[in-house]
Amino acid sequence: GGRFAAVLADEPGRYSPFRVRHGVVTRRGPVPAARRPDPREWTALLEAAGFTRVRAETHRVPVFEAEHAAAAWVLIVRTSAPLLAWQGGLDERAREAAHREAVRTLASWFPGGPVRPPGEAVLVSGVHPG
């Protein structure tokens, strides 16, 4: 027996750190590969594995909190392996331009700080009777 729970992150088109990241990146080259797992795929996998009471619940939540826009962008970059790899392939000038654009965008959404971007998280859970 056991329990399973996973939180699926937001997707690029919604109002979240992923939206600013996606916008900044797409203007400077290919977008790093990322795909949000579909909650239906997860629930189907759990049910196929014998889990019961399988649920997928959507919640609006703040994704993180940062004191100001520059700190928020640094946090977004440092917590995304595909974004770190993308940024590592840029020359210094392009990296600085991306940073300025992201900070401007975040500052326009959260003037004066703190930066508390809302996002959507899907909690997928189930119980295995085994």
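Remark: pairs (first residue in region 104-121, closer than 8 Å to H68 by Cα; second residue among the charged types (D, E, K, R) and open to solvent by 40 Å² or more (accessible area, probe 1.4 Å); Cβ separation under 6 Å; 6+ apart in sequence or on different chains) = G113/E67; P114/E65; P114/E67. Any chance region 47-64 includes a residue that's open to solvent by 80 Å² or more (accessible area, probe 1.4 Å), assigned to a strand (DSSP E or B), touching a Ser or Thr at 6+ places or on another chain (Cβ under 7 Å) and not assigned by the TED database to the domain that holds F110? Within region 47-64 (the criterion being open to solvent by 80 Å² or more (accessible area, probe 1.4 Å), assigned to a strand (DSSP E or B), touching a Ser or Thr at 6+ places or on another chain (Cβ under 7 Å) and not assigned by the TED database to the domain that holds F110), the answer is yes, since at least one residue qualifies.
The set of residues in region 98-126 being of a type in the set (G, A, S) and in contact with a helix residue (DSSP H, G or I) (Cβ under 9 Å, 6 or more places away or on another chain) consists of A98, A102, A107, S108, G113, G119, S125, G126. Residues in region 65-91 that are outside any helix (DSSP H, G or I) and open to solvent by less than 40 Å² (accessible area, probe 1.4 Å) were compared, and the one that is farthest from V7 (Cα to Cα) is L90.
The values are calculated or read from the model by the stated rules, or taken from the named source; none is laboratory data. These numbers come from a predicted model, not from an experiment. A quick note on method: Cβ atoms are made from the backbone with ideal geometry, for glycine too, and the neighbour counts reach across all protein chains shown. The area values use the complete protein model at the heavy-atom level, side chains included, leaving out ligands, DNA and RNA. Shrake-Rupley method; radii C 1.70, N 1.55, O 1.52, S 1.80 Å.
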